[in-house]
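Asks: First, the structure itself, so that you have it in front of you.
The values are calculated or read from the model by the stated rules, or taken from the named source; none is laboratory data. Keep in mind the model is a prediction, meaning the values are calculated, not measured. So basically every Cβ, Gly included, is an ideal-geometry build from the backbone, and we count neighbours across all protein chains shown. Side chains included, ligands, DNA and RNA excluded: accessible areas come from the protein's heavy atoms. Shrake-Rupley method; radii C 1.70, N 1.55, O 1.52, S 1.80 Å.
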Amino acid sequence: MRHLYYILGVVIAAVVCSCEEQVEHTAGAIHDRDSVAVMTSWGVNTLISDSGVIKYRIVTERWEINQIKHPSRWTFDKGLFLTQFDEKFHVHAYIQCDTAYYYDQQHLWELRSRVRILTKDGLRFRSEQLFWDENKHELYSHVHSHLITPERTLEGSYFRSDEKMTRYYVSNSKGSFERGDLDGSNNSTDASRATQDSLQKSQRQQATPMRSTNPNP
């Protein structure tokens, strides 16, 4: 009987010791919420408006909205096809790229990898990077860009244009083109050429018709 009590005491002591030595394994609190998206949508085809005016149509495989990141942004990491409209809801341009970010607080688009634009006027643009500042209503790129219009072709390491891509500037450019920047230098160039042509015309000697006379015999 004493032997049984001894064994029972040893078992109880072992259980008590194991309970005291037990270590609880817990994970630390997660404070970085940058990876948490407010919304993630797949297979998106939707219209985006501002102040009641439809600005563009977005077609993308994946759209993520994250307001925790700094700055907050929309992410399109599975490609983006964007249709830009004018004030009368007419198609102005088609924009396509592999990856895009829209910084909603800054109203700034950042397009990356195989950026392509086609406007209603037949202008074609391609680059590996393009920024679209909606506040300043302009586009710009700091990498090599290629621009083709019905009249000219040009390329360079820096590109800047108005939002409608009717006035643009390309630095370190090469190709066949007439440069038109945001200050409208193209118009002034045409005006100066017209003035020069008029000047040259006025300086030309015009032949004066004269009556031929026979000398007296």
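Asks: Tell me the per residue accessible area of region 45-131 using a 1.4 Å probe; a whole number in Å² is fine.
Replies: It amounts to 53 Å² per residue over region 45-131.
Asks: When you take every Cα atom in region 34-167, what is the radius of gyration, and what is Dmax, the widest Cα pair distance, in Å?
Replies: 14.8, 48
Asks: Provide the per-residue ³J(HN,Hα) series for region 41-57, in order, calculated from phi with Karplus coefficients 6.51, -1.76, 1.60 and θ = phi - 60°, each as a whole number of Hz, with x at glycine and proline positions.
Replies: For region 41-57, the Karplus curve yields 10, 10, x, 9, 9, 9, 9, 10, 10, 9, 6, x, 10, 6, 9, 6, 10 Hz.
Asks: Any of Lys55/Lys164; Lys78/Lys120; Lys69/Lys164; Lys88/Lys164 with alpha carbons more than 24 Å apart? Name them for me.
Replies: Over 24 Å apart, Cα to Cα: Lys78/Lys120; Lys69/Lys164.
Asks: Follow-up. Kindly provide the GluC sites (Glu not before Pro) of region 144-176 that DSSP labels as loop, not H, G, I, E or B, and whose Cβ sees at most 14 other Cβ atoms within 10 Å.
Replies: Glu151
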